[in-house]
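> Before anything else, here's the structure in question.
The values are calculated or read from the model by the stated rules, or taken from the named source; none is laboratory data. Only a predicted model underlies this, so the values are computations on that prediction, with no experimental measurement involved. Counting neighbours? That spans all protein chains shown, and the Cβs are built from the backbone with ideal geometry, glycine included.
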Amino acid sequence: MTILLFGGRGYMGGQFLQIYPDAITPSVDIADAAGVEAVLDAEKPDLVINAAGKTGVPNVDWCEEHKLETFHSNVLGPLVLLEACQKRSIYWVHLSSGCVYSGDNGGRGFAETDEPNFTGSYYSRTKAACERSLRDFPMLILRLRMPFDGSPHPRNLLTKLAQFERVLDTENSITCLPDFLDAAEALIARRATGIYNIVNEGAISPYRIMELYREIVDPAHCCERLLPGSLSQVVRAGRSNCVLSTEKLKEEGISLRPVEEAVRSALMEYKKSAVGPKRVETLNKNCVQC
Ligand SMILES: NC(=O)c1ccc[n+]([C@@H]2O[C@H](COP(=O)([O-])OP(=O)(O)OC[C@H]3O[C@@H](n4cnc5c(N)ncnc54)[C@H](OP(=O)(O)O)[C@@H]3O)[C@@H](O)[C@H]2O)c1
């Protein structure tokens, strides 16, 4: 099977290379229609994965100041891929985010059919706008949230949270990467289409994750509780805090481990691989990156 992976040098692209190590990773701009069409015609892929996009460095605040670049990669690029793949009847997969919601939907969690209700950041608005355009076509959209695993990678949620002096105590859905890859591989193998929330069962607060970090990785670690009301004092763009429903995924016979079990297991692996990240003094030390 020939697989084309856009964004192969990024964080999520690297994850997909673990399950598809032979994927071709072109360096073409996904918003360059001629470039995308040329690579599709040259490689004739059976599957295209779009892991390209702007998430902002060091976090989504960047997108507020770089709206055109964010639009280019998060909206225009996927639309180019849509047209190019659709015209050639190529099955393709796009990475989206659960950060298009706020709240827990009255305890039910947000289903894939619920309209996005979080508009507090430009990043989230581009992800929602893109989904609205893609969802009418026969392709797969995978929504993940705040990915983590047992590696000391700087983009790992565990690494980021361990650097913050103040951490939010609001329940969220989050995604364990090895579980995500299993689910993605299963959905792709059966050529599933539509939107899927790919998050672990249940919800957990970043503060609770740091309590577990103290228990499992570093007993000396300490951080303060940050309440949602104080968040706007320390970040430029709003941050989505939300719980997603996994019912649709379960109807496919796929479920990710309960979230606390997955966090504990990642922290045990993390303990072996990390000496413990140094705290960084940055403007973003107080918050969770979307
Ligand atoms: N990581 C998360 O927390 C998270 C959570 C939910 C959803 N997602 C989604 O997952 C996708 C990938 O995110 P990521 O965390 O892997 O980001 P990343 O580490 O920044 O990787 C994105 C990759 O895409 C490339 N890229 C950006 N614009 C491009 C364009 N127009 N054409 C071709 N390549 C382009 C980037 O190259 P340059 O660096 O050269 O721009 C980079 O290599 C995004 O759609 C994001 O919204 C991520």
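> Count, please, the residues in the stretch 162-188 that happen to be within 15 Å of the chain's Cα centre (by Cα) and of a type in the set (Phe, Trp, Tyr).
Within the stretch 162-188, residues that are within 15 Å of the chain's Cα centre (by Cα) and of a type in the set (Phe, Trp, Tyr) number 1.
> I need a count of the residues in the stretch 159-173 that are buried (at least 23 other Cβ atoms within 10 Å of the Cβ) and either acidic (Asp, Glu) or free of Cβ contacts under 8 Å to residues at least 60 places away in the same chain (or both).
Total satisfying the criteria: 0.
> Looking at this structure, is residue 28 in contact with a Cys (Cβ under 7 Å, 6 or more places away or on another chain) and either over 28 Å from residue 231 (Cβ atoms) or more than 11 Å from the ligand (Cβ to nearest atom) (or both)?
Working: in contact with a Cys (Cβ under 7 Å, 6 or more places away or on another chain): no; either over 28 Å from residue 231 (Cβ atoms) or more than 11 Å from the ligand (Cβ to nearest atom) (or both): yes.
No; evaluated as a whole, the condition is false for this residue.
> Taking helices (runs of 4 or more DSSP H) that do not extend beyond the stretch 1-103, which have at least 3 residues that are under 21 Å from the mean Cα position of the chain (by Cα)?
Of the helices (runs of 4 or more DSSP H) lying wholly inside the stretch 1-103, those with at least 3 residues that are under 21 Å from the mean Cα position of the chain (by Cα) span 11-19, 61-65, 67-71, 77-87.
> Can you pull out the residues in the stretch 115-163 that are within 9 Å of the ligand (Cβ to nearest atom) and touching a His at 6+ places or on another chain (Cβ under 8 Å)?
130, 142
> A further question follows. Can you confirm whether the stretch 20-31 contains a residue that is out of contact with any helix residue (DSSP H, G or I) (no Cβ under 8 Å at 6 or more places or on another chain), farther than 29 Å from residue 178 by Cβ and crowded, with 16+ Cβ neighbours inside 10 Å?
Start the filter on the stretch 20-31 by keeping residues that are out of contact with any helix residue (DSSP H, G or I) (no Cβ under 8 Å at 6 or more places or on another chain), which leaves 20-22, 27.
Checking which are farther than 29 Å from residue 178 by Cβ leaves us with none.
For the stretch 20-31, residues out of contact with any helix residue (DSSP H, G or I) (no Cβ under 8 Å at 6 or more places or on another chain), farther than 29 Å from residue 178 by Cβ and crowded, with 16+ Cβ neighbours inside 10 Å: absent.
> Being among the charged types (D, E, K, R) and touching a strand residue (DSSP E or B) at 6+ places or on another chain (Cβ under 6 Å) is the filter here, so list the residues in the stretch 20-76 that pass it.
43 - this is the single residue of the stretch 20-76 that is among the charged types (D, E, K, R) and touching a strand residue (DSSP E or B) at 6+ places or on another chain (Cβ under 6 Å).
> Just wondering, is there one or more residues in the stretch 246-261 that are crowded, with 18+ Cβ neighbours inside 10 Å, modelled with pLDDT of 95 or more and closer than 23 Å to residue 58 by Cβ? Don't jump to the end; show me each part of the working.
The first filter runs over the stretch 246-261 and keeps only residues crowded, with 18+ Cβ neighbours inside 10 Å, leaving 246, 249, 254, 256, 259.
Within this subset, residues satisfying the condition of being modelled with pLDDT of 95 or more are 246, 249, 254, 256, 259.
Then drop every residue that is not closer than 23 Å to residue 58 by Cβ, which leaves none.
No, that holds for no residue.
> With 82, 76 as the choices, which residue is closer than 20 Å to residue 10 by Cα, surrounded by fewer than 20 Cβ atoms within 10 Å (Cβ to Cβ) and modelled with pLDDT of 95 or more? Quick ask: steps written out before the conclusion?
On the way: 82 fails: closer than 20 Å to residue 10 by Cα.
Criteria check complete, one pass: 76.
> For the stretch 33-69: of the residues being more than 11 Å from the ligand (Cβ to nearest atom) and small (Gly, Ala, Ser), which is farthest from residue 82 (Cα to Cα)?
Among those residues, the one meeting the criterion is 42.
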